[in-house]
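The values are calculated or read from the model by the stated rules, or taken from the named source; none is laboratory data. Quantities reported herein were computed from a predicted structural model and do not represent experimental measurements. We place every Cβ from the backbone using ideal geometry, glycine too, and count neighbours over all the protein chains shown.
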Amino acid sequence: MTPAGTGPEKDVRRAEEHAPVEGVEREDTTASDTDLEPAGGSADVTAAEAGFGEGGRRRVLEVRRGMFGAASGADTSGYGRLQRAVEMPQPTSRPYGGWFDTVADEMAAVVPSGSVTGVVVHRGEVTFEVAREHLLAVARVLRDTPTLRFEHCASVSGVHFPTLEGAELHVVYHLQSMTHNRRIRLEVSCPESDPHVPSVVAVYPAADWHERETWDMFGVVFDGHPALTRVLMPDDWPGHPQRKDYPLGGIDIEYKGAVVAPPETRRSYS
Amino acid sequence: MSTVQDQHVDPFGAAGEPVEGRVYTASGQDWTDIADRQAERGDERIVVNMGPQHPSTHGVLRLVLEMEGESVLEARCGIGYLHTGIEKNMEVRNWTQGVTFCTRMDYLASLFQEVAYCLSVERLLGIEDQVPEKATVMRVLLMELNRISSHLVCIATGGMEIGALTVMTIGFRDREMILDAFELITGLRMNHAFIRPGGVANDLPDNAIAKLRDTVAWLKKHLPEYAAFCNENPIFKGRLEGVGHLDLTGCMALGITGPVLRSTGFDWDLRKKQPYCGYETYDFEVATWDTADAYGRFRVRQEEMWQSLRIVEQCIDRLEGMVGEPVMVADTKIAWPAQMSIGPDGMGNSHEHIKHIMGESMEALIHHFKLVTEGFRVPPGQAYVPVEHPRGELGAHLVSDGGTRPYRAHFRDPSFSNLQAMPIMCEGAMISDVVVAVASLDPVMGGVDR
């Protein structure tokens, strides 16, 4: 159990605060043979130099300790020494299965070398992790190559992983090929300190408002966007509300003397 | 009272921004004053802020129109007036509670958000094939009824905006019949939160089949009225034909889906192309039209209501033979204990459930308690599940970090994407056509702004 007062409360459950304790039994057996330190995202520079889909890094978000969301005080539950690594699905190696291999082969032939740094097949969906500097080129060949023809950019959304050092902000593109009836996902990451990703509006005009929303909510700057302004929040709004460190702004609710905390400050059972 | 401002200051420009020409603020004053001053100027270029409070902008949509006389030179959308932070809020509630939030996005088609969200959660849980057949049929039934009611509102409000008030009154009358059926099945007319990860909240009530048969009979009798009133009505056709034109190329570039895409003749419908919820087992056609204008979209929606009615009938037939089958996954670690029974006050807890957890099984009580306080855990990963919403492709992109709450929930709302086509549909047209073009896109601001 973490002794109270080792750091700011919001950081208590962050992985970097805790080195794995020797001899502790781990609940998650798949992660038990390697270290549990959070790894950087797929935008790792050395990984980008590998071939197509090679070098994807594991993404350990954090290491959770104990149970029932208890993060301070004495370990009365008896579960305090339990630790579990929270790991996003690992990069997959070939064969990916079905048409995923066909698309990967076609892509490998046309995308710039080193642009796809990882391939994740999970729950029947395929994700190509793309180095951000190659995103526009990859999007263009995905749309224009007749055998790929992903002509429809359905959605762009951001995800904020504050614990993935150097790859805190992720932008996820859902592309669809109506010609071949296929869907793929592209994932790009960038560090919070340099939140720049090239805009794909030149290739997919449909991404216009989606990128504006991602800028609005996550503060990702889409370089080359024709008019990157806020779209949902007021123009003069400070901050980017869907980042994990942005408070929800709830207030305590008092009822007959008892106080119900705003939802984001209540106990999390994760 | 005239409120012409200092002519060299633009109240809406940034500080220090140079002012081009004279600036008038035309609000709350005598229009003749403005007209007289404008007459001195010699041109007719004005900027009109249409909305966000305007009856024909479908909720709080703001259109910024640069006009030359009655012609629109440039059009831009201002959105965000109904942004309520639903996606952010979902991150601090458990997976089941998320349904209560996403149902409020596109409030005219709330069951579609629920289905897309639940399918996405089920994919992350890996229980897609464990959802009981009856729950899936009920989902399809509710979605198709919801599609009819959503199209009815679209046609009703679209008619009202061009002066066809009878279309509005009959549209809302018929929608009311569907909402009554929803109330019987889900307990609520709107914002149902009825579809839950793993199935649906409750089984059909005993009188549901009879009620649904009545509703179908009512719709079969009254849906032809829309065709009789509108299809060949010269005023209606005069207002809609050739208006809001957007061809297939434009639709593909702008990511437009739904009736707008199908009005170009492309039969893209996810229910056929990428079936989910067993749509491949239902007998129906995809409605298309070939004029790529507002009239074509009206006809596509009309035909889609008939096709949805066909699916609804097939669902009712199937449900008749499924009495007593489960409507929630068997895994009690996921199945939210929502069983209800109708008490004297309308609704209440199921006595069998209370008896089971309080009197018979300690484990059942523990499951109940854990599920209601903590919720269930969803393995880490991300999923994107698209469904065919009345307005196009609705996608639920969920990211889980293995916890009891969504790490990130994003909805690709079709109204949000489709609204990007407003400028290309309106620029160069008359202001009266803007109303028709926006109505043919059928944006619902609750979904656009989320």
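Out of B:131, B:92, B:72, one residue alone is touching a residue at least 60 places away in the same chain (Cβ under 8 Å), within 11 Å of another protein chain (Cβ to nearest Cβ) and not charged (D, E, K, R). It is B:92.
Residue-by-condition table, conditions (1) of a type in the set (Lys, Arg); (2) within 18 Å of residue B:115 (Cβ to Cβ); (3) out of contact with any Gly (no Cβ under 6 Å at 6 or more places or on another chain):
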residue: B:174; (1), (2), (3): no, no, yes
residue: B:184; (1), (2), (3): no, no, yes
residue: B:187; (1), (2), (3): no, yes, yes
residue: B:198; (1), (2), (3): no, yes, yes
residue: B:204; (1), (2), (3): no, yes, yes
residue: B:211; (1), (2), (3): yes, no, yes
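Remark: pairs (first residue in region B:222-239, of a type in the set (A, V, I, L, M, F, W, C); second residue surrounded by fewer than 15 Cβ atoms within 10 Å (Cβ to Cβ); Cβ separation under 7 Å; 6+ apart in sequence or on different chains) = B:229/B:166.
Of all the residues in region A:153-169, those that are in contact (Cβ under 8 Å) with a residue 60 or more places away in the chain, within 9 Å of chain B (Cβ to nearest Cβ) and over 23 Å from residue B:257 (Cα atoms) number 2. Looking across region A:121-141, the residues that are within 14 Å of chain B (Cβ to nearest Cβ) and under 13 Å from residue A:104 (Cβ atoms) come down to A:121, A:126, A:127, A:128, A:129.
Looking across region A:218-242, the residues that are more than 8 Å from chain B (Cβ to nearest Cβ), under 23 Å from residue B:447 (Cα atoms) and crowded, with 16+ Cβ neighbours inside 10 Å come down to A:218, A:219, A:220, A:228, A:240. Checked against the criterion of being closer than 23 Å to residue B:162 by Cα and either acidic (Asp, Glu) or out of contact with any Cys (no Cβ under 9 Å at 6 or more places or on another chain) (or both), region B:313-332 has no qualifying residue. Under the condition of being part of a strand (DSSP E or B) and in contact with a Leu (Cβ under 8 Å, 6 or more places away or on another chain), which residue from region A:147-169 is farthest from residue B:385 (Cα to Cα)? So the residue we want is A:160. In region B:321-333, of all residues being among the β-branched types (Val, Ile, Thr) and at pLDDT 85 or above, the one that is farthest from the chain's Cα centre (by Cα) corresponds to B:323. Just one of the listed residues (A:166, A:249) is assigned by TED's automatic domain parsing to the domain that holds residue A:142, surrounded by fewer than 18 Cβ atoms within 10 Å (Cβ to Cβ), at positive phi and touching a strand residue (DSSP E or B) at 6+ places or on another chain (Cβ under 9 Å), and it is A:166. Of the residues in region A:193-214, at least one is free of Cβ contacts under 8 Å to residues at least 12 places away in the same chain and touching an Asp or Glu at 6+ places or on another chain (Cβ under 9 Å).
Being in a loop (DSSP other than H, G, I, E, B), within 11 Å of chain B (Cβ to nearest Cβ) and at pLDDT 90 or above is a description that does not apply to residue A:212.
Residue count for region A:103-124 satisfying the condition of being hydroxyl-bearing (Ser, Thr, Tyr) and out of contact with any Ser or Thr (no Cβ under 8 Å at 6 or more places or on another chain): 2. Return the residues of region B:140-178 that are closer than 18 Å to residue B:392 by Cα and of a type in the set (Val, Ile, Thr); say none if nothing qualifies. Answer for region B:140-178, where residues must be closer than 18 Å to residue B:392 by Cα and of a type in the set (Val, Ile, Thr): B:140, B:148, B:153, B:155.
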